[in-house]
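For reference, the structure discussed in these notes is given below.
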Amino acid sequence: MRGVSFLGGRKLEVAEFPDPSPGPHDVVVEIKASGMCGSDLKFYRAAGGETAALGLGRLAGPVIAGHEPCGVVAAVGSNVDERAAQIGSRVMVHHYSGCGSCPHCRSGWSQMCVAGSTVYGVTAHGAHADYMKVPAHTLVPLPDELSFMTGAAVSCGTGTAYGALRRMNLSGADTVAIIGQGPVGLSATQLAVAMGARVIALDVSAERLARAKAFGADATLDPKADDAVATIKALTHGVGADLALDTSGAAEGRLTAVRSTRPWGTVCFVGEGGEVSLDVSRDLLRKQLTIIGSWTFSKNGQTDCARFVADRKIAVDHLFTHRWQLPEAKEAYRLFDQQNAGKGVFVMA
Ligand SMILES: [Zn+2]
Ligand SMILES: [Zn+2]
């Protein structure tokens, strides 16, 4: 089968790998759609060896990238219960696997496993491939109403946005500032609008802001052109946003989130990496602010997100501006690396 591997320094290759066959507790998923997530850029750009440096790498040789898997069960291991997986079932993959017995694993948060977690597409073969072998317990059913592309988005970017909004207890009474309108931020805009909230969307790309507007953002602003904190306060009668979500991972974005939120408000950081400095008394204590960190979602959270998207008929497929075939991977990531387009997805023909 074909698979896409990052070689470091913005290089990748599409290579041949052996077709996987399932171990006793595994399934093989025939991949139908494999999304491109912002965090893939971290590994695409890395000088090389970063995944091994996580201390979790189990594979010798190149790892197949892609951690937004969606497809159909093609083979089932001998010890897999038929209630867990059947050939032909439409499935997503919760893209982590842990020990299975620690409190985090048992609550569906296997990425937090005390024994360390396998991350598919990072430390084990992922979904930018024709087939993917995973333990049966990682499967999350794809509702019939959802396309494979939507399932791919829910498997990381959209699921992460949903998880963050739920962690913040977003309601229809809230105005939420969403900093960064990449795949996660734009998903958050789409979901927050569906939850009834008023969205103020921030990005430095006019193209991304236009997309946020089309997805129902009430106001959009470019923090390079306007004073973001002052503009958000002006849009909220001088008070500030009830909630702010930073998807940018940039220090300025995080500061904007903190400073544009009203007293007693809640800020959530979901963008990976980097750091931020706060004036603790002014920015945090005097405002009685709550700051939450949110890391992706549990297996049940992924199920909930898919159900919400299906029941509310949310057009998640509209997130995708580029559909690619595996042999086009170099061009796909070259374009994604510029960070002004929408989301890309590999669809297997
Ligand atoms: Zn565990
Ligand atoms: Zn991701």
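The values are calculated or read from the model by the stated rules, or taken from the named source; none is laboratory data. A quick note: this is a predicted structure, and the numbers were derived from the prediction, not measured. A quick note on method: Cβ atoms are made from the backbone with ideal geometry, for glycine too, and the neighbour counts reach across all protein chains shown.
Here are a few things to note about the model shown:
Matching residues to (1) touching a helix residue (DSSP H, G or I) at 6+ places or on another chain (Cβ under 6 Å); (2) more than 16 Å from ligand 1 (Cβ to nearest atom); (3) not hydroxyl-bearing (Ser, Thr, Tyr):
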residue	(1), (2), (3)
84	yes, yes, yes
92	yes, yes, yes
106	no, no, yes
116	no, no, yes
129	no, yes, yes
140	yes, yes, yes
146	yes, yes, yes
157	yes, yes, yes
169	no, yes, yes
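- Among the residues examined, residue 94 qualifies as within 23 Å of residue 304 (Cβ to Cβ) and touching a strand residue (DSSP E or B) at 6+ places or on another chain (Cβ under 7 Å).
- Filtering the range 305-331 to residues that are small (Gly, Ala, Ser) and surrounded by fewer than 22 Cβ atoms within 10 Å (Cβ to Cβ) leaves 310, 315.
- Tabulated pairs, the range 155-180, first touching a residue at least 24 places away in the same chain (Cβ under 8 Å) and surrounded by fewer than 24 Cβ atoms within 10 Å (Cβ to Cβ), second assigned to a helix (DSSP H, G or I) and acidic (Asp, Glu), C-beta under 8 angstrom, 6+ apart or interchain: 166/304
- For the range 93-142, filtered to residues that are β-branched (Val, Ile, Thr) and within 17 Å of residue 300 (Cβ to Cβ), the residue that is surrounded by the most Cβ atoms within 10 Å (Cβ to Cβ) is 93.
- Filter pass, residue 253 being at pLDDT below 95 and within 21 Å of the chain's Cα centre (by Cα): no
- In the range 293-304, of all residues being farther than 25 Å from residue 30 by Cα and touching a strand residue (DSSP E or B) at 6+ places or on another chain (Cβ under 9 Å), the one that is surrounded by the most Cβ atoms within 10 Å (Cβ to Cβ) corresponds to 294.
- Qualifying positions in the range 258-296 - part of a loop (DSSP other than H, G, I, E, B) and of a type in the set (Gly, Ala, Ser): 260, 271, 273, 274, 277, 294
- Among the criteria (1) over 22 Å from residue 184 (Cα atoms); (2) in contact (Cβ under 8 Å) with a residue 12 or more places away in the chain, the one residue 105 does not fulfil is (2).
- Some residue of the range 276-292 being surrounded by 18 or more Cβ atoms within 10 Å (Cβ to Cβ) and farther than 30 Å from residue 229 by Cβ: no
- Residue within the range 43-52 that is modelled with pLDDT of 95 or more and not charged (D, E, K, R) present: no
- Close pairs (9 angstrom Cβ cut-off, 6 or more residues apart or separate chains): under 18 Å from residue 77 (Cα atoms) in the range 127-145, among the aromatic types (Phe, Trp, Tyr) and crowded, with 22+ Cβ neighbours inside 10 Å anywhere: 132/120; 134/120; 138/96; 138/120
- Checking each residue of the range 245-259 against the condition of being buried (at least 24 other Cβ atoms within 10 Å of the Cβ) and closer than 19 Å to residue 196 by Cβ gives at least one match.
- Any hit, the range 294-313, residues being at pLDDT 95 or above and farther than 19 Å from residue 159 by Cβ: no
- Of all residues making up the range 27-38, the number that are part of a strand (DSSP E or B) and under 24 Å from residue 6 (Cβ atoms): 8
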